[in-house]
1. Does segment B:76-89 hold any residues that are within 16 Å of ligand 1 (Cβ to nearest atom) and more than 7 Å from every other protein chain (Cβ to nearest Cβ), and which are they?
2. Confirm whether residue B:212 is in the same structural domain as residue B:63 (by TED's automatic domain parsing) and more than 16 Å from ligand 1 (Cβ to nearest atom).
3. Of the residues that make up segment A:117-129, is at least one touching a residue at least 40 places away in the same chain (Cβ under 8 Å), surrounded by 15 or more Cβ atoms within 10 Å (Cβ to Cβ) and under 13 Å from the mean Cα position of the chain (by Cα)?
4. In segment B:151-176, what residues are surrounded by fewer than 16 Cβ atoms within 10 Å (Cβ to Cβ) and either part of a loop (DSSP other than H, G, I, E, B) or within 16 Å of ligand 2 (Cβ to nearest atom) (or both)?
5. Looking only at helices (runs of 4 or more DSSP H) that fall completely inside segment A:67-129, which ones have 1 or more residues that are under 26 Å from residue A:155 (Cα atoms)?
6. Within 27 Å of residue A:91 (Cβ to Cβ), away from ligand 1 (no atom under 16 Å from the Cβ), touching a helix residue (DSSP H, G or I) at 6+ places or on another chain (Cβ under 8 Å) and assigned to a strand (DSSP E or B): is that true of residue B:4 in this structure?
7. Of the residues that sit in segment B:20-75 and are within 14 Å of chain A (Cβ to nearest Cβ), in a loop (DSSP other than H, G, I, E, B) and touching a helix residue (DSSP H, G or I) at 6+ places or on another chain (Cβ under 7 Å), which one is nearest to ligand 1 (Cβ to nearest atom)?
8. Filter segment B:90-110 down to residues that are within 7 Å of chain A (Cβ to nearest Cβ) and assigned to a loop (DSSP other than H, G, I, E, B) and give me whichever is farthest from residue A:16 (Cα to Cα).
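The values are calculated or read from the model by the stated rules, or taken from the named source; none is laboratory data. Quick caveat, the model's predicted, so the values are computed rather than measured. Because the Cβ atoms are built from the backbone with ideal geometry, glycine has one as well, and the counts that use them run over all protein chains shown.
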Ligand SMILES: Nc1ncnc2c1ncn2[C@@H]1O[C@H](COP(=O)(O)OP(=O)(O)OP(=O)(O)O)[C@@H](O)[C@H]1O
Ligand SMILES: [Mg+2]
């Protein structure tokens, strides 16, 4: 397969310009770090758990934001017919998806790294945090691509992406209080990300965890491939 | 080599036949007009030609290449204005074109050049969502000609535009025609077709019912063969176009009575009406 790096770059740059004019998406990238910072500085200390809010909001940041942004960007381009124009200009679907996915990854990690300044991380746990967020982000982007490719317009994409990513990213928080949910939710990658974020220093990576995340990623990938095999992107 | 060749193209949507047995050749450098009323299948034919829709029957070739197999380097030679072409409404006119400059890897100086060509020089930094309808249409046209394509598909490029904008687009297209660009144009507007096109085809219910040069078609359907003379006293004289009437016309001229002379050659609108019993705008 031939791939043009300049096509991917063009899409990436276009998306960067667009995000500054698209408040809805811009807010999604910064909202969780800001809320986490406020909560951590105001009440975090009193609870005696400095990093509790960081773990909660970093999980949201790694799951909710990339799923919703990716799905809405793609579905909007389908709805407004700009995707068609790109494809007719010789941009291959793979290049387009990489450009958009790359953009979402870049922005998520850029604003996501601000958590490092809020919490008590050292070199090791900080690197682990970023790796963990990166893995969560990639799974979420693939899921977002599938949802965006499936939906016909922005509204239906959001109607699907918001509840799905809510469930995935909220579970760790609910499981924190309800152990019964934890037994089920551990099979969802959002929970595994949340687990690490809640306790980075004493974290134990097991084969089970790796397999769970890998299976999650594969499921997202299968959904994505299914959608694009059925050519929802090219009508 | 011809720019476009259609062989026995047919298209059904489910049970519904939209195009039947379309054969067509368009030479390089030609401006071709596809005319027909709403729902005739014009957009469908463009979509088949640009690989956006598969034909049910027959074959379509663009520069000798099967239209279902068009690749990146083929799209490089094609520009398109479709009735649903999208623009990035939050981005400025400049940034909308900048994206395509990056995709086509051409010099970004071209952006300003093309913007002023379509009369959007002043709107360079305006978000394209804030443009009027005619301006949006011109931006879409600017994008279509940005990479100097050899072949332009224009699906009703001037429909719904004011006469001034329409005229400026016509001038631009005639300029492109002079430079040798092949243009495939669809329109409801007979005047537009007569002014721009080397050849036209009339599409009616999925069939090409007439094909030829606009003047030729008009002459062919010139059934009345009358000459109308507007005279000074406000009268209109209608004379049959036969040698016997020459003296009469000469006399009127000599008396200085003639305001203007019109042949009643049918325009394309009348040709269409004669062929189908329907008006184009219906
Ligand atoms: N995707 C589709 N599915 C089913 N029918 C379709 C589809 N696209 C077009 N048609 C039908 O095909 C016929 C021709 O449509 P087309 O859009 O080609 O007409 P047109 O000549 O471009 O009309 P207009 O001048 O209004 O743009 C119409 O009757 C339309 O309803
Ligand atoms: Mg049409």
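1. As a first pass, look at segment B:76-89 and keep what is within 16 Å of ligand 1 (Cβ to nearest atom): B:80-85.
Selection gives B:81, B:82, B:83.
2. Details: in the same structural domain as residue B:63 (by TED's automatic domain parsing): yes; more than 16 Å from ligand 1 (Cβ to nearest atom): yes.
Considered against the rule, which asks whether it is in the same structural domain as residue B:63 (by TED's automatic domain parsing) and more than 16 Å from ligand 1 (Cβ to nearest atom), residue B:212 comes out as yes.
3. no
4. In the first step, residues of segment B:151-176 are kept if they are surrounded by fewer than 16 Cβ atoms within 10 Å (Cβ to Cβ); the result is B:159-160, B:162-164, B:167, B:171, B:174-175.
Selection gives B:159, B:160, B:162.
5. Numbers: elements: A:82-88, A:93-112, A:115-118.
Qualifying helices (runs of 4 or more DSSP H): A:82-88, A:93-112.
6. Details: within 27 Å of residue A:91 (Cβ to Cβ): yes; away from ligand 1 (no atom under 16 Å from the Cβ): yes; touching a helix residue (DSSP H, G or I) at 6+ places or on another chain (Cβ under 8 Å): yes; assigned to a strand (DSSP E or B): yes.
Against the criterion (within 27 Å of residue A:91 (Cβ to Cβ), away from ligand 1 (no atom under 16 Å from the Cβ), touching a helix residue (DSSP H, G or I) at 6+ places or on another chain (Cβ under 8 Å) and assigned to a strand (DSSP E or B)), residue B:4 qualifies.
7. At the first step, the residues of segment B:20-75 found to be within 14 Å of chain A (Cβ to nearest Cβ) are B:43-44, B:46-54, B:62, B:65, B:67-75.
Applying the additional criterion that residues be in a loop (DSSP other than H, G, I, E, B) yields B:50-54, B:70-71.
Still in the running and touching a helix residue (DSSP H, G or I) at 6+ places or on another chain (Cβ under 7 Å): B:50-51, B:53-54.
Values: B:50: 13, B:51: 15, B:53: 8, B:54: 12 Å.
That would be B:53.
8. Here the answer is B:105.
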